[in-house]
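The values are calculated or read from the model by the stated rules, or taken from the named source; none is laboratory data. Fair warning: this is a prediction, and the values are worked out from it, not measured in the lab. Neighbour counts run over all protein chains shown; Cβ positions are idealised from the backbone, glycine included. Ligands, DNA and RNA are stripped out before the accessible areas are found, and what is left, the full protein with its side chains, is counted by its heavy atoms. Shrake-Rupley method; radii C 1.70, N 1.55, O 1.52, S 1.80 Å.
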Amino acid sequence: TPGYESHFIDVGTLSFGAIIGLADTIRDRVVLARTTVQCLVLPRCFLLEKNQNPGNIWGRRLFYLNSIIPSRDELFTHFLQSRNWKKFKTDFIRKSVRPSPRSHAYNDDVPIICKIVESPKD
């Protein structure tokens, strides 16, 4: 639609044994797999039953995941800050660094430094 842009943001990388969907709502999120994966889908109410939750382990995992996975608003704020920084940086460099008409430097003027290392004798 006109006036809208889609941007995909890499929020994190999951590894073997990772938990997804326990803490965060997966609405407006996409999970991509680079390789073949196997998923075990369990209802949250099953995990939070007393017999399945010794020491409140799933409550602890829930707290941990809520603290490390950014919300949609946090992601958007970070996206805007990054975009504004890139624009400022590009504009600043473009204004500050202008080719000088007096400069007659060429690629051949840059010295090439080589280091020769002797291999150990066998």
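Collect the residues in region 44-56 that are open to solvent by less than 80 Å² (accessible area, probe 1.4 Å) and under 24 Å from residue 11 (Cβ atoms), keeping them in residue-number order. Of everything in region 44-56, just one residue is open to solvent by less than 80 Å² (accessible area, probe 1.4 Å) and under 24 Å from residue 11 (Cβ atoms), namely 47. Residue pairs whose Cβ atoms lie under 8 Å apart, sitting 6 or more positions apart in sequence or on different chains, and linking a residue in region 50-61 that is under 16 Å from residue 22 (Cβ atoms) and part of a helix (DSSP H, G or I) to a partner that is β-branched (Val, Ile, Thr) and open to solvent by less than 90 Å² (accessible area, probe 1.4 Å), are 61/19.
Restricting region 57-95 to residues that are under 18 Å from the mean Cα position of the chain (by Cα) and among the small types (Gly, Ala, Ser) leaves a set whose member that is farthest from residue 7 (Cα to Cα) is 67.
Check 37, 41 and return the single one that is surrounded by 10 or more Cβ atoms within 10 Å (Cβ to Cβ) and assigned to a loop (DSSP other than H, G, I, E, B). Before you say what the answer is, go through the steps one by one.
On the way: 41 fails: surrounded by 10 or more Cβ atoms within 10 Å (Cβ to Cβ).
Of 37, 41, the one residue that is surrounded by 10 or more Cβ atoms within 10 Å (Cβ to Cβ) and assigned to a loop (DSSP other than H, G, I, E, B) is 37.
Can you work out which of the residues in region 28-43 that are modelled with pLDDT of 80 or more and of a type outside the set (A, V, I, L, M, F, W, C) is farthest from residue 10 (Cα to Cα)? Out of the qualifying residues, it is 43.
Every listed requirement among (1) open to solvent by 100 Å² or more (accessible area, probe 1.4 Å); (2) in contact with a helix residue (DSSP H, G or I) (Cβ under 8 Å, 6 or more places away or on another chain); (3) aromatic (Phe, Trp, Tyr) is met by residue 92 save one, (2).
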